[in-house]
Structure formats: C-alpha cells, structure tokens
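The values are calculated or read from the model by the stated rules, or taken from the named source; none is laboratory data. Here the structure is a predicted model, which means the values were calculated and not measured. Note that each Cβ is placed from the backbone with ideal geometry, even for glycine, and that neighbours are counted across all protein chains shown. With ligands, DNA and RNA removed, areas are computed over all heavy atoms of the protein, side chains included. Shrake-Rupley method; radii C 1.70, N 1.55, O 1.52, S 1.80 Å.
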Amino acid sequence: MNLGRVTGCLWASAKHPSLMGAKLLIVSLADQSGHFSSQYEVAYDTVDAGVGDIVITVRGSSSKMTPATEKATIDCAIVGVVDHVQR
Amino acid sequence: MNLGRVTGCLWASAKHPSLMGAKLLIVSLADQSGHFSSQYEVAYDTVDAGVGDIVITVRGSSSKMTPATEKATIDCAIVGVVDHVQR
Amino acid sequence: MNLGRVTGCLWASAKHPSLMGAKLLIVSLADQSGHFSSQYEVAYDTVDAGVGDIVITVRGSSSKMTPATEKATIDCAIVGVVDHVQR
Amino acid sequence: MNLGRVTGCLWASAKHPSLMGAKLLIVSLADQSGHFSSQYEVAYDTVDAGVGDIVITVRGSSSKMTPATEKATIDCAIVGVVDHVQR
Amino acid sequence: MNLGRVTGCLWASAKHPSLMGAKLLIVSLADQSGHFSSQYEVAYDTVDAGVGDIVITVRGSSSKMTPATEKATIDCAIVGVVDHVQR
C-alpha cells in the first residue's frame, strides 16, 4: 500500500455503469520522507475521506475486496485515513 | 486509475480472437498538473470515447469486469470520460 | 497494453513444464512517439508474430486468457500485429 | 519479492473494516547493493517483524494468501525476516 | 517475463509457513542489451537454477501456477534457464 494526500476529485458523466455513484478522488502519492510527489492515483473512496486527508491506498485486485466495489471497474481504493506515522 | 487523453487509435489485422471488433485507443497519461507525459497505454474503450477526450483508465484484471471484456486479452480499459477535475 | 517491436527470440532447455513448446519472443517497448526504448518484455506469442513486427503486448493475468496459455507460467503475451497507428 | 528494512509504523483510526487489528509497517526498499532507497511500501506484517528488521515483502494478490489476510484490502505483506543474504 | 542473472541467495529463519523449504534466489535484471542493472527480484526457483545462470522470471499471479507454489506467498518465480538469446 502507499501513503498519499487527497488533493481533489473528479466528475465524469459518461462512465462505465459499475462506477455510477462512485466517489473518485485524486491522491498525490508521498515519498519516504512524507513529501508529496508528482505521482498520483485516481482512487475509489471506501472510508469517507476528504480533501487534505493523508490516506492509505491499495492497488490492484484488492481494491475490489469490499461489497461496494466487488463489481466495480477500479484498480485503486482508499482504505484508511492516517492519524499518525512513526518513522 | 489514471487520467489521460485519447490521442489516436490503431488497426491490427492479425490479433487474438478475443480482440475481434475491439476498439483500441492510444491514451497519453497525464501527470499531477494535468500535463500529458510521454507515457501511454493502449486501452480498450468501454464508453465510446473519442480522440481528444480526457478519460479514466483502469489497469489489470479490473479491465475485464464488463460483459464485453470478460474474455478479452486486455490489461487496460477506458471506463469514463471526465467532465471536470477539481484540484 | 503496450506497443513494441519483436527484436529476437530465446532458447531455454531447462524450463517449467508449462512452457514446453512455447514460442518466447523479445519485444522492445515503444514510447509515445513510436521510438523504441531500452525497455523490453519476454512475451509468449499467440499470433504467429515475427522479428521486426510491431505488436500489441498484454501483461498480467490477461496473458493467460487463451486455451494455449491458461496453465502457462507467463505474465506477458503478444496478442496482435499492428498494421497502422493513427496519432 | 523485494528486500527492505522496517522503518516505522502507522496508525489509522478510520479504516476499512477488513483492516481492523492489522499491523501495518513502513518498509524502505533496498537496491541491489543492499542500500535503502527512497521507495517504500506500507506492508501488512504476517511474521511479527520489528523496526530495523530486514524483511521480504510480497506484492499483489499473493499478499492475501494467508488465513489472516485473505479478505483484507491489502496489496503488500511482509512474509519473512532475513538472516543472511549471500551475493 | 524478464531476463536476469542469479547473483545470490538468502536465508530467512522467520518466514511465512507457505515458504518453508522454498529456495529463494536473488536475480539481477538485465536491460535490452543484456547488461545487468541495479534492479533485482527475489524469486522462487522452480527449475533448479544456480548462481550465474541467465534465467527467465515471471511476476504476479502466474508465479503461483505450479503445484509447488500454488499456495505460496510469492510474486516472482524463475521458470527457465536460458541457453541462447538471438537479437
């Protein structure tokens, strides 16, 4: 999994039926020092995250491990909001 | 998922039977600022996207989560056309 | 999926039984402008491609979506020979 | 799989139910010479690793191959603590 | 798949039960010209490879396509020893 910060969201009128009602957020990925890089993911939100939150993202088939996402055409999901990182 | 812009399409006469009739588009991937990079994907179109559209692409096994693609030998699909991105 | 050019082939006497008889080709991956980079894949050929052909490669579990490859230990397959790319 | 060193841990109060009770560690990935890079993974610990340990991480669907993780929304797990590497 | 050279092996006393008895090798990945890069994989050996051998590695779920590895927590396996590469 990776750490990132929610920086925005997006709207798409034409989309695959499995994504109807999906909340898709843009997540800037963080490097090892906690700085945010130019890399990002569009992620399906499963934990009611908001802009500015530091989140845990999961990629690949595991992003479909929830009842809400099991039939969705997604490859990345937000699965936690981070309170504290100890390095 | 990633954001990208449809920049072209391709024709392949010799292809795997599972791809017969498939509409394969070339998508330039966008970086965090919305600029398009030299990275690209060849993606199966599931939402009738056109050249110039800003789209959402999904990779891996999720690209096969539709009736049309479940038996196709693909690893990337276009699953939405983006109206607006708020950063 | 990605675009690449077949640049060679390889022989392996000791290999996993699931790869017996497999035709494994070396594919140089192309960048967005169609130039070939130093990146490559070793790919299982499903469409009788030859050296010099511009091909479509698919990665991951989708490379096993054919009767010939469903039990093979592969993660990349050639699934089309490209006639024309319009950018 | 990759080699890395456990450098920290994280706390997340809001998280997906499948991650309740999960021990999530931050692992700095090592390069070929054994030096630790700026790349990292957030990994689910299956072997009771601690900060400073050199560990083996596995990514993707294999991280869910244990009874404890089979329904967890994870894409990386720690599956071994390394005693010695011979190069 | 990728080409690489076996450069070492590793010992791990604490590891996931599914890896008991597993022979884990370190493989330096080769670039297009056959030079070995700083990138590597820790790979499960299925073909009795030795240090110095040029091998084919497979990543992801395909590395679990053998009776010996189907329940193992691995994401990379050695599936062939290369005799000759023609470029």
Given +1 on the Cβ of Lys and Arg, -1 on the Cβ of Asp and Glu, and no further charges, what dipole in debye does chain D carry about its Cα centre, rounded to the nearest 20?
180 debye
Over 23 Å between C-alpha atoms is what I'm after, so list which of D:K71/E:K23; A:K64/D:K23; A:K71/E:K71; B:K64/C:K71; B:K71/C:K15 land there.
D:K71/E:K23; A:K71/E:K71; B:K71/C:K15
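Which sequence of D:M65, B:M1 reflects their accessible areas, 1.4 Å probe, from the largest down?
Working: D:M65 60, B:M1 0 Å².
Solvent-accessible surface, decreasing: D:M65, B:M1.
Size of the dipole of the protein assembly as shown about the Cα centre, Lys and Arg at +1 and Asp and Glu at -1 on the beta carbon, nothing else charged, in debye to 20? All intermediate terms of the calculation are to be shown ahead of the outcome.
Working: 35 positive and 40 negative charges, 67 e Å.
Dipole magnitude for the protein assembly as shown comes out near 320 debye.
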On average, how many beta carbons from a partner chain sit within 10 Å of the beta carbon of a residue in B:15-27?
4
Answer with one residue from A:G8, A:I54, A:I74: the one whose Cα lies farthest towards the positive end of the charge dipole of region A:2-81, charges on Cβ with Lys, Arg +1 and Asp, Glu -1.
A:I74
Per-residue average of Cβ from other chains inside 10 Å of B:67-75:
5
Three-way shape label, the protein assembly as shown, alpha-carbon gyration tensor, a/c 1.5
oblate
Which of the peptides D:15-24, D:72-81, B:3-12 is most tightly packed, and how do the rest follow, judged by the mean count of other Cβ atoms within 10 Å per residue?
D:72-81, B:3-12, D:15-24
Just how far, in whole angstrom, is region C:53-74 from region D:10-45 if you go by their alpha carbon centroids?
31 Å
For D:R87, solvent-accessible area (1.4 Å; no DNA, RNA or ligand), Å²
130 Å²
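Can you give the net charge of the other residues whose Cβ lies under 15 Å from the Cβ of B:C9, counting K and R as +1 and D and E as -1? Could the numbers behind the result be given before it?
On the way: positive: B:R5, B:K15, B:K23, C:R87; negative: B:E41, B:D45, B:D48, B:D53, C:D83.
With Lys, Arg at +1 and Asp, Glu at -1, the neighbours total -1.
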Ignoring ligands and nucleic acids, A:E70 exposes an accessible area, probe 1.4 Å, in Å² to the nearest 10, of 110 Å²
Under the Karplus relation 6.51 cos²θ - 1.76 cosθ + 1.60, θ = phi - 60°, what is the ordered set of whole-Hz ³J(HN,Hα) values for region C:34-51, x standing for Gly and Pro?
x, 7, 8, 9, 7, 7, 8, 9, 8, 10, 7, 8, 10, 10, 6, 7, x, 4
With the label point 7 Å along the Cα-to-beta-carbon line of D:H35 and a cut-off under 19 Å to each amide N, the hits in region E:1-41 are E:28-29, E:36-41
Roughly how big is the D-A contact, given as buried accessible area in Å² (both sides, 1.4 Å probe, nearest 100)?
2200 Å²
As a test question: what accessible area, to the nearest 10 Å², does C:T66 have when a 1.4 Å probe is rolled over all protein chains in place?
10 Å²
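Please give the average number of partner chain Cβ atoms lying within 10 Å of the Cβ of each residue in E:54-60, rounded to a whole number.
On the way: counts 2, 3, 9, 2, 9, 7, 12.
For peptide E:54-60, the averaged partner shielding equals 6.
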